[in-house]
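What follows is a short report on a single structure.
The values are calculated or read from the model by the stated rules, or taken from the named source; none is laboratory data. Just so it is clear, the structure is predicted and the values come from calculations on it, not from any experiment. Cβ: placed from backbone, ideal geometry, glycine included. Neighbour counts: every protein chain shown. Please note that ligands, DNA and RNA were not included when accessible areas were found on the heavy atoms of the full protein model with its side chains. Shrake-Rupley method; radii C 1.70, N 1.55, O 1.52, S 1.80 Å.
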Amino acid sequence: GHVPDPVGHVPPPPSVQHATQALLRSNVRKTTVLDVMRRLLQSKNIMVSTNVRGKESSKSKYISILNIIQGDVDPSQVHKSLQRIRERKLANFIEWGPASIQVALSRKSPYVKTAHRVSGLMMANHTSIRHLFSKTVVQYEKLMRRKAFLDNYEKHAMFRDGDLSEFEDSREVVENLIDEYAACESSDYVKRMAA
């Protein structure tokens, strides 16, 4: 029979325990660090997509990448994965700065159940974001031509006199940011900034 432990729980028979452990082991996929890091670089896994095609996409480059890898990870696997990514040229970096992927390792959360042994999150600064900013400026200009939604702002003291310079200043900041990201794609960016 089964004997309850001091807390009053009756443990399952050993055959059920082994079957459960085997089932748990079979449900955990053998995902490697390289698999995760490669998938993080795939465009289909990016949360903010700029949908750039053609010549524009080939010019776009990473400025920096931080990968947070969670799970059962050996640091030597990370080093080998970074070497493979570099060898296969899976990430196109700016030419004037370090072409490195920063990696932070963390343990698997005891609160979040996952079928993968290793998971990851990538945060990256990529020059293609300028295309998204450009679309935003175009949409802003369309709204301003129609004077759309301005009545909501004109209720506030700051805009009562019809002074919309705050909006124009903001547009200028975004346009400067677009120009800066475009300039980052050139190999002589640092020389130009110094001049």
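Annotations
- Residue match in segment 31-38 (condition: closer than 23 Å to residue 180 by Cα and at pLDDT below 90): no
- If you go through segment 138-195 and keep only what is open to solvent by 70 Å² or more (accessible area, probe 1.4 Å) and assigned to a loop (DSSP other than H, G, I, E, B), you end up with 147, 149, 155, 156, 160, 161, 163, 187, 195.
- Subset of segment 88-134 that is within 21 Å of residue 179 (Cα to Cα) and of a type in the set (A, V, I, L, M, F, W, C) - its residue that is least open to solvent (accessible area, probe 1.4 Å): 94
- Pairs with Cβ under 6 Å, 6+ apart, first in segment 137-164 and without any contact (Cβ under 8 Å) to a residue 12 or more places away in the chain, second not in a helix (DSSP H, G or I) and not hydrophobic (A, V, I, L, M, F, W, C): none
The rows are residues; the columns are (1) at pLDDT 90 or above; (2) in contact with a helix residue (DSSP H, G or I) (Cβ under 8 Å, 6 or more places away or on another chain).
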{"position": "44", "(1), (2)": "no, no"}
{"position": "50", "(1), (2)": "no, yes"}
{"position": "58", "(1), (2)": "no, no"}
{"position": "61", "(1), (2)": "yes, yes"}
{"position": "64", "(1), (2)": "yes, no"}
{"position": "70", "(1), (2)": "yes, no"}
{"position": "80", "(1), (2)": "yes, yes"}
{"position": "87", "(1), (2)": "yes, no"}
{"position": "91", "(1), (2)": "yes, yes"}
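- Residue that is modelled with the highest pLDDT, among those in segment 96-126 that are part of a strand (DSSP E or B) and of a type in the set (S, T, N, Q): 102
- Of all the criteria given as (1) farther than 18 Å from residue 48 by Cβ; (2) of a type in the set (Val, Ile, Thr); (3) in contact (Cβ under 8 Å) with a residue 40 or more places away in the chain, the one not satisfied by residue 173 is (3).
- For residue 80, the conditions (1) under 20 Å from the mean Cα position of the chain (by Cα); (2) open to solvent by 40 Å² or more (accessible area, probe 1.4 Å); (3) of a type outside the set (S, T, N, Q) all hold with the exception of (1).
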